[in-house]
Amino acid sequence: MEPIIIPIISVHRCCKIIDGYIQKEQVIDLLNAYIKQNHLEVKKVHEDDERYGWQILCDTIDEFNDANKLDFIGQVFDAQYITTEFDYDFIDEFLKKYNFEDVQQEIFNQLAKFSSDAIKAQQEFSARLGAAHPKALEEWNKSIDLFRSRYYSEAGNDIRKSLEFLLRDILKNGTSIEQQVKGSGKDLLKSNLGKYLSSKEINKINITFLINIITSITHISNEKFKHGEPTGLSEKDLRFYMNETFLVMQRLLDIEESKK
């Protein structure tokens, strides 16, 4: 889609018009539903937000790209919330000026494509955890939703907990990650996980490699997610952390399902 530039003053004028027809609670619901549906990396609005509805609407929509700004306003308009003729005509002209229908179709196409790859992979992994690992599944799903909403500390902590619950299920104990990978005399092969992987005939080098990754995940989680904001980490760093944890969990499931 060719980039479009929409004057922010016009966007805010539309937002203030919309606020005149919709209660604050509904504004929050509509914004959060739109963010979730379109997988936007925009922080969701808390239900107890003390700002006025128009402030919430303007501040949140400022974080959308221009196509999504137009699409959100257009969807509200199509839902027939705007009833006064003057306000109706203003938003109608605004949408036509920036080719709302074409932009909306392009967003729909992109959303359908997104759903077929990233979302499909997440759904398949959730199904793989399934009934066998319910606590790991619960934390996994929470971490994905929180990351999309930019609650990075909570997402990072929850995906670590998902890994911890998976390890407890596989190793059949209630031990923390730290204790699962702690070997006697610093010999990783003597750790709970090391012994399990050895029983699965995993190569010693690969055992050490996997345990070292898990140790790094635990260290980052303890330092950056359990006790505050992940300062010093970019969004790409956080994505890498999430992806590495996901890959480790996939590998553990592969091993669990394999024959000795």
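With respect to Leu193, determine if the residue is closer than 21 Å to Leu137 by Cβ and more than 26 Å from the chain's Cα centre (by Cα). Yes, satisfied. Restricting region 163-190 to residues that are over 32 Å from the mean Cα position of the chain (by Cα) and charged (D, E, K, R) leaves a set whose member that is surrounded by the most Cβ atoms within 10 Å (Cβ to Cβ) is Lys190.
If a residue has to be surrounded by fewer than 18 Cβ atoms within 10 Å (Cβ to Cβ) and either closer than 12 Å to Leu252 by Cβ or not assigned by TED's automatic domain parsing to the domain that holds Ile159 (or both) to count, how many in region 203-213 make the cut? Spell out how you get there, then give the answer.
Pass one, region 203-213, residues surrounded by fewer than 18 Cβ atoms within 10 Å (Cβ to Cβ): 203-206, 208-209, 212-213.
Still in the running and either closer than 12 Å to Leu252 by Cβ or not assigned by TED's automatic domain parsing to the domain that holds Ile159 (or both): 213.
Qualifying residue count for the region: 1.
Out of all the residues in region 25-45, is one or more under 24 Å from Leu146 (Cα atoms), in contact with a helix residue (DSSP H, G or I) (Cβ under 8 Å, 6 or more places away or on another chain), surrounded by fewer than 18 Cβ atoms within 10 Å (Cβ to Cβ) and at pLDDT 90 or above? Scanning region 25-45, I find no residue that is under 24 Å from Leu146 (Cα atoms), in contact with a helix residue (DSSP H, G or I) (Cβ under 8 Å, 6 or more places away or on another chain), surrounded by fewer than 18 Cβ atoms within 10 Å (Cβ to Cβ) and at pLDDT 90 or above, so the answer is no.
With respect to (1) buried (at least 19 other Cβ atoms within 10 Å of the Cβ); (2) β-branched (Val, Ile, Thr); (3) farther than 30 Å from Leu146 by Cβ, the lone exception for Thr83 is condition (1). Confirm whether Lys236 is free of Cβ contacts under 8 Å to residues at least 12 places away in the same chain and farther than 20 Å from Lys43 by Cα. No.
Taking Tyr196, is it surrounded by 13 or more Cβ atoms within 10 Å (Cβ to Cβ), free of Cβ contacts under 8 Å to residues at least 40 places away in the same chain and under 25 Å from Lys135 (Cβ atoms)? Yes. Of all residues in region 25-69, those satisfying the criterion of being in a helix (DSSP H, G or I) and among the hydrophobic types (A, V, I, L, M, F, W, C) are Val27, Ile28, Leu30, Leu31, Ala33, Ile35, Trp54, Ile56, Leu57, Cys58, Ile61, Ala67.
Among what's in region 146-167 and is in contact with a helix residue (DSSP H, G or I) (Cβ under 8 Å, 6 or more places away or on another chain) and among the charged types (D, E, K, R), pick the residue that is farthest from Lys195 (Cα to Cα).
Only one residue fits best here, namely Arg148.
Against the criterion of being in contact with a Cys (Cβ under 8 Å, 6 or more places away or on another chain), part of a helix (DSSP H, G or I) and either touching a residue at least 12 places away in the same chain (Cβ under 8 Å) or not assigned by TED's automatic domain parsing to the domain that holds Arg150 (or both), Phe72 does not qualify.
Candidates in region 214-232 are the residues that are surrounded by 15 or more Cβ atoms within 10 Å (Cβ to Cβ), more than 18 Å from Thr175 (Cα to Cα) and not aromatic (Phe, Trp, Tyr); of these, the one that is modelled with the highest pLDDT is Ile220. Applying the criterion of being over 16 Å from Pro7 (Cα atoms) and of a type outside the set (Val, Ile, Thr) to the residues of region 58-77, the residue that is surrounded by the fewest Cβ atoms within 10 Å (Cβ to Cβ) is Gln75.
The values are calculated or read from the model by the stated rules, or taken from the named source; none is laboratory data. Since the structure is predicted, the reported quantities are computational estimates derived from the model, not experimental observations. Heads up, the Cβs are rebuilt from the backbone with ideal geometry, glycines too, and the neighbour counts pull from every protein chain shown.
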